[in-house]
Amino acid sequence: MNAMIHFIDVHKSFGSKQVLAGINLEIKEREVVVILGPSGSGKSTMLRCVNRLVEIDQGDVIIDGMSLRDPKTNIIKIREEVGMVFQQFNLFPHKTVLENVVMAPIYVRKMKRSEATDVAETLLKKVGIWDQALKFPAQLSGGQQQRVAITRALAMRPKVMLFDEVTSALDPEMIGEVLDVMKQLARESMTMMVVTHEMGFAREVADRVLFIDGGVIVEEGMPADIFSNPREQRTREFLSKVL
Amino acid sequence: MVEMLVENMPFLLGGAKNTIIVSLLGMIIAVIIGVPVGLMRLSKTPWLRSSSLIYIEIWRGIPFIISLLFLYFVLPEILKLFWKVEISQFTAMLLTCVLWTSANAAEIVRGAVQAIPFGQTEAGLALGMTYVQRIRLIVLPQAVRIMIPPMIGLFTLLLKGTAIGFIIEFRELIRVGQITIERLIMVRRETASIEIYTLLMIMYFFMCYPLTRLSTYFEKRLSKGRN
């Protein structure tokens, strides 16, 4: 199968601090990859490289055949194909739920408003928020807001979805509803990169789990192998703390 | 005395009208200039950033009265070397208003844009929006809410600041008051400075007071709407 995302020797430093120290990784189409690692290990930076929210210093990332470092690549085209969901939701507070969802399809994908609204309706119904579509984000619970944020990214019809600790800012009782949406998405064969601390989710949904520390991939494998039988000392230490 | 004031009221109101026209027009043009200059101040491109900084610092660093005198007395002398143009009192006054106010408006724009969380920009970037789309659809609509109270405050300062226009005989409220006093002395041998200056004070107050009320209203609404 084709590689949807291909990291080739990716390096990134912030000032003198090296955050990514040579990441090599191929993610296949429809694959769900969960990235684990202690804080500051470079997990979020790795995700942010894919849609160039963070510019890499060295190496390359190829997304669906488009190279990040190729000057001919239009970054907008890559971002159209790569949806992202953030820890802090980052919904647009001055726009209704519906407007949050249709904005990018209309202005970036150049969809007609009626068409974008159809897409929004289908997606919002699926995550159970269509009846709140005319409310403002601040009127919704955290879990609902995050489901809207996922919908906003999905409305662009991306080929890849990036999830950056999307349940970390939520109250515990709301985590489930957001994870359910992500599980559904995985079942529908979306290609996903997920940074999370939800080990249950990783075990259940991931095709592959990566453990990252010090800016390199320390270990990778099937979730069952990583969780029950980690090879590396650092992975064992990390898992013993979080499980 | 009442009769004298009523008699001169239309003339004084004419001065108030000029005060309002030049401040309002100055404010509108200043905001139109201030928005891009304020955004340039936050640009990643060094020459855009430094040129806006120079613009802002110059016009904020020069007293209103100096730029007014310069524009009215010095600039025409320079321009005369190249073209045959004249600068009217109104033009000099308006230009001074625009320069000073736009520099201050730019700083308000910069502050308001910086107050928008970076996550908003990131969300726009991740959705594939261009710089112009992000500014127009995401950043400015939110920043405007923050800008309104300080912009009203700036307008109040400008409105009061135009009083200095009397120095080049621009017929704003103060100048018109002075003319009235001079006229009364020359024509009727009446001294009316106490009455006229008191009246001017009241007139300025009633022009500015609604603005401060408006600013307080927006500030309250803003703090309520915050999540």
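FRET efficiency for the B:Ile20 to B:Val85 pair, using the beta carbon distance and R₀ = 35 Å, is estimated at 0.85. Here the sum of -39500 (n - 2.57) over DSSP H runs of 4 or more residues, divided by the residues of chain B, equals -25500 deg cm²/dmol at 222 nm, to the nearest 500.
Across peptide A:93-106, the average count of Cβ atoms from other chains found within 10 Å of a residue's Cβ is 3. Using a simple spin-label model with pseudo-atoms 7 Å out from Cα toward Cβ, A:Glu115 and A:Arg187 lie 3.0 nm apart. Counting, for every residue in A:60-72, the Cβ atoms of other protein chains within 10 Å of its Cβ and taking the mean gives 0. Mean per-residue shielding of peptide A:75-82 is 3, counting Cβ atoms of other chains within 10 Å of each Cβ.
For region B:80-227, the residue among B:Val176, B:Gln114, B:Ile164 whose Cα projects farthest onto the positive side of the dipole built from Cβ charges is B:Gln114.
Between B:Arg49 and A:Asn2, what FRET efficiency follows from the Cβ-Cβ distance if R0 is 45 Å, with the result rounded to 0.05? Taking R0 as 45 Å, the efficiency between B:Arg49 and A:Asn2 is 0.55. Computed about the Cα centre, the dipole magnitude for region A:103-243 is approximately 660 debye when only Lys and Arg (+1) and Asp and Glu (-1) carry charge, each at its Cβ.
In this simple spin-label approximation, A:His11 and A:Asp180 carry label points 7 Å from Cα along the Cα→Cβ vector, and these lie 4.7 nm apart.
Computed from the Cβ-Cβ distance with R0 of 51 Å, the FRET efficiency linking A:Met199 to B:Phe206 stands at 0.15.
For B:Cys208, A:Cys49, the sequence from fewest to most other C-beta atoms within 10 Å is B:Cys208, A:Cys49. Largest GNM mean-square fluctuation across A:Thr73, A:Thr45, A:Thr167, computed for chain A with C-alpha springs under 10 Å, falls on A:Thr73.
Where a number appears in this text, it was derived from the coordinates with a stated rule and is not lab data. All figures in this text were calculated on a predicted structure; none of them were measured in a lab. For neighbour counting, all protein chains shown are included, and Cβ atoms are generated from backbone atoms with ideal geometry for every residue, glycine included.
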